[in-house]
Amino acid sequence: MTAPSTVPTSGLRARLQGRSELGVAALLAVIAIVIAVDTANIRHTAINAGVMGPQVVPTIIAIGLGLCAIALAISVLRGGHADAEDGEDIDLSQKAHWPTVFGLGGLILVFALSMDFLGFVIGSALLFFGSALLLGSRRLVWALVIGILLAVGTFYGFVLGLGINLPAGLLTGIL
């Protein structure tokens, strides 16, 4: 019998061995390119003309994603890599708790379907409250109060701060 060959592989395959983070860098680069192309195709109209046009924020995001992709690729090619499970509070020996996962998905679906009727504030407060319950919160009143405060704050942040109207639903005329 002959011993198996232990000739080290050389070339691109050997250099990329164990550097799966380059896939994440490539994904970030692709997303940056897609956002940049879509941003370049935004039409300027009289409605969206102003000090800051509709291309500013997507351009900043595309540049930021591109810089992150480049920085990650350079770091990985220089030998840097993430430690598996370092800093994670996840026990991978446990299986997923599917009732919680499907419950959260159902809550999001109900929120999306009922937002026009209930409105953003009521729907968001109930979404936060239901999520807190599904994730094991025992402080029901506290979860509801926090949900209401976050929903009202977000509503007024969008309406007054950004000028984006969110549906008021049942609270039309009150908010």
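Mean 1/r over all different Cα pairs, inverted: what Kirkwood radius does region 98-171 give, in Å?
Numbers: mean 1/r = 0.0789 Å⁻¹.
Every distinct Cα pair counted, the radius reaches 12.7 Å.
Using Cα-Cα distances under 8 Å and only pairs 6 or more residues apart, what relative contact order does region 98-171 have, in percent? Show your work: numbers first, answer last.
Values: 72 pairs, mean separation 29.2, N = 74.
RCO, region 98-171: 39 percent.
By average Cβ neighbour count within 10 Å, what is the ranking of 128-134, 65-71 from highest down? Write out the running numbers ahead of the final one.
On the way: 128-134: 18.3, 65-71: 16.0.
Those peptides, ordered most packed to least, come out 128-134, 65-71.
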Quick one: if you stick a label point 7 Å off each Cα along the C-beta vector at residue 31 and residue 75, how many nm between them?
1.5
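Values in this text are rule-based calculations from the coordinates and carry no lab data. Treat the numbers as computed from the prediction; the structure is a model and nothing was measured. Here the Cβ is made from the backbone with ideal geometry for all residues, glycine too, and neighbour counts use every protein chain on show.
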